[in-house]
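Readers should treat all values here as calculations from the given coordinates under stated rules, not as data from a laboratory. All values reported here derive from a predicted model rather than from experimental measurement. Glycine also receives a Cβ, built like all others from the backbone with ideal geometry; neighbour counts cover every protein chain displayed.
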Amino acid sequence: MQAFDYDQAFSRNLGWVTDAEQARLRGARVAIAGLGGVGGLHLVTLARLGVGKFHIADLDVFEAANFNRQVGASLSTSGRQKVEVLAEMARDINPEAELTLFPQGVNEENLEAFFKAVDLYVDGLDFFAFAARELVFRYCARHGIPAITVAPLGMGGALLNFMPGRMTFEDYFQVEGRQELDKAVRFLVGLAPALLHRHYLADKTRVDLSARKGPSTPMACMICAGVAGTEALKILLKRGKVLAAPHGIQFDAYRNKLAHTWRPGGNRHPFNRIAIAIARHQLGLR
């Protein structure tokens, strides 16, 4: 077996990054909560970029329903903890990588440890993990940690960056204190105000927010990982334009469309408020 050599393993990154920048990526520490559809691919993508330190959290195990989109899901990993499987995959790419595992997921008790010395947070939480998501984004805002979320929608992805000193997750989405179904509506509308994915859903009965169910595609997850990896590179290396909320980007590969949205006030914006009202009415919410 060939001995591992960091410089050789990530030499093909050079040109798009300088030697000095690759060294900075090697020393960077990224936290990822949720290692399912997008989170596992975020970890693998950033490991291949040469990022050298990770805090990863997930309390779930792999099962058959994950096979269509989750990079660590297979017959051989069914029943195994996602955090353990993904840590093995990352170490198989870079055996020198420092990985701190949080197999209980992220919670109030381990939040400080999860974010200790972290340079960037990349969101991989399940769409419906509202309590955990509010917790981590609140911590990031209070402690000046840049945070990226890229949602897999249809056959594309929707990007929001929450940067230190800029609009926070709560200011944008306005979900605090609301019922779970109302949070789901607000989160969905806020993620992708352009709604590029709404035109080609083949079977609407497969979407049931009240039952916490919705369809997914592997293409969307892979697109999200590419977008998140690129944003992470720009933030960690402090170069390139980083759009922060209330700016958002949605790319839909099925429709070959790219939308840049700007929603001052986030979900307080009139367009978002109309979309939320329509969705609430369709769901029978008061």
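Using a Förster distance of 41 Å, how high is the FRET efficiency between D203 and K241, based on the Cβ-Cβ distance and rounded to 0.05? E(calc), rounded to 0.05, equals 0.60. If only the Cβ of Lys and Arg carry +1 and only the Cβ of Asp and Glu carry -1, the dipole of the range 14-283 around its Cα centre is close to 960 debye. Peptides 10-19, 60-69 ranked from most to least packed, by the mean per-residue count of other Cβ atoms within 10 Å: 60-69, 10-19. Amide hydrogen proximity for T100: with H placed 1.01 Å from N in the peptide plane, the residues at 5 or more positions away or on another chain lying under 5 Å are F54, H55, I56. Computed from Cα positions, the angle between helix 270-283 and the longest principal axis of the chain comes to roughly 80 degrees. Phi angles of the range 75-87 translate, via the Karplus equation with coefficients 6.51, -1.76, 1.60 and θ = phi - 60°, into HN-Hα couplings of 4, 6, 10, 4, x, 8, 5, 4, 5, 6, 4, 5, 4 Hz per residue; Gly and Pro are given as x.
Plainly put, the range 150-273 has a radius of gyration that is 0.96 times its Kirkwood radius, both from alpha-carbon atoms, as the Rg/Rh ratio. If you bin all the Cα-Cα distances of the chain at 5 Å, starting from zero, the percentages per bin are 1, 6, 12, 16, 19, 18, 14, 8, 4, 2, 1, 0, 0.
Helix 130-143 and the long axis of the chain differ in direction by around 60°, with both axes built from C-alpha atoms. To the nearest ten degrees, helix 218-237 and the longest principal axis of the Cα atoms of the chain are 60 degrees apart. Were the residues from S210 through E170 laid out at 0.36 nm apart, the gain over their Cα-Cα distance would be 12.2 nm. Less than 14 Å Cβ to Cβ from I56, Lys/Arg counted +1 and Asp/Glu -1: what total charge do the surrounding residues give? Net of charged neighbours comes to -1.
When restricted to Cα atoms, the range 190-240 yields an Rg and a Dmax of 15.1, 44 Å, respectively.
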